Amino acid sequence: MAPPISGYHAIPNLLARYAELIDTGDFQGLGRLFAHATITVEENDLEVSGEGEVRAMYERWTRLYADNGSPHTRHVTTNPILDVDDEGGTATCRSYVTVFQCTDALPLQPILSGRYRDRFRRVDGQWRFEHRHMINEYIGDLSHHMLQAFGGGVVPG
C-alpha cells in the first residue's frame, strides 16, 4: 500500500479545485468538495454545512451567465501558509483570495479581495476540507456577481 499523500501536496490542489469549481459555476461540485465541511463568513453569522447546504448557498448567492453557465470570474488564491501534521492527518491554511470578473457590462477588474482560513483532515487516505472561514475585506462592484449582499439583502444592479 502506498504511503498517504502529504498535505503539503494535497491541500494546494484542494484550494485550486475550489477556484476551478466556482469559476465554472459547478455548484454541485462545490457541494461535494465541502460535503464534510462547514463554511462560515466573517461579515455575518452565516454557517452552512454539508453538500446540500453548500450547493444551495452558492446557488442563492452567485449569478451565472447564460453564455457559458459560469459567473465570469477568476478566483485567485495566493500566499498560502500551510501548517500540516501528516502523521495526525490534520492541517490548516491561511491564504489570500482576489476575485476578478469580466462581463459584457463590466470590464475586467478585481471585485473582491479577502482571506480564507481553512482546516483540513485526512480521512481514509484522502485530504478534505473540514472548515472554511471567509473574510471579505476589500469589496468592489459585486452587482454583476452576487445575487445577495453579504448581509442577506439584494445587491443593487
Practice task
Please give the length that would be gained between ARG115 and ILE5 if that part of the chain were fully extended, namely 0.36 nm times their separation in residues minus their C-alpha to C-alpha distance (nm, one decimal).
Solution key: 37.0 nm
Practice task
With all protein chains present, calculate the accessible area of ILE139 using a 1.4 Å probe and round the result to the nearest 10 Å².
Solution key: 90 Å²
Practice task
Figure the gain on full extension for ASP124 and LEU147 (residue separation times 0.36 nm, minus the Cα-Cα span) and round it to one decimal in nm.
Solution key: 4.5 nm
Problem - Test item: Cα-centred dipole of region 7-139, Lys/Arg +1 and Asp/Glu -1 on Cβ, debye - result: 120 debye
Handout entry: Accessible-area order (highest first, 1.4 angstrom probe) of the listed residues ASP104, ASP118
Key = ASP104, ASP118
Exercise for the section: For the chain, build the charge dipole from Cβ charges (+1 Lys, Arg; -1 Asp, Glu) around the Cα centre, then report which of ILE11, TYR138, THR38 sits farthest towards its positive end. Expected result: ILE11
Problem - Two-site FRET efficiency, THR24 against LEU46, from Cβ-Cβ distance with R₀ of 22 Å, rounded to 0.05 - result: 0.45
Handout entry: Matching label, Rg and Dmax of the Cα atoms in Å computed from the structure shown, candidates [x] 15.0, 45; [y] 22.4, 82; [z] 15.9, 55
Key = [z]
Handout entry: Percent carbon-and-sulfur accessible area, region 7-139, ignoring ligands, DNA and RNA, probe 1.4 Å
Key = 47 percent
Handout entry: Computed over region 7-139: relative contact order in percent, which uses C-alpha pairs under 8 Å that are six or more apart
Key = 25 percent
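The values are calculated or read from the model by the stated rules, or taken from the named source; none is laboratory data. Computed from a predicted model, the values in this text were never measured in an experiment. Methodologically, a virtual Cβ is constructed for each residue, glycine included, from the backbone with ideal geometry; neighbour enumeration extends over all protein chains shown. Side chains are part of the model used for accessible areas, which takes the heavy atoms of the whole protein and leaves out ligands, DNA and RNA. Shrake-Rupley method; radii C 1.70, N 1.55, O 1.52, S 1.80 Å.
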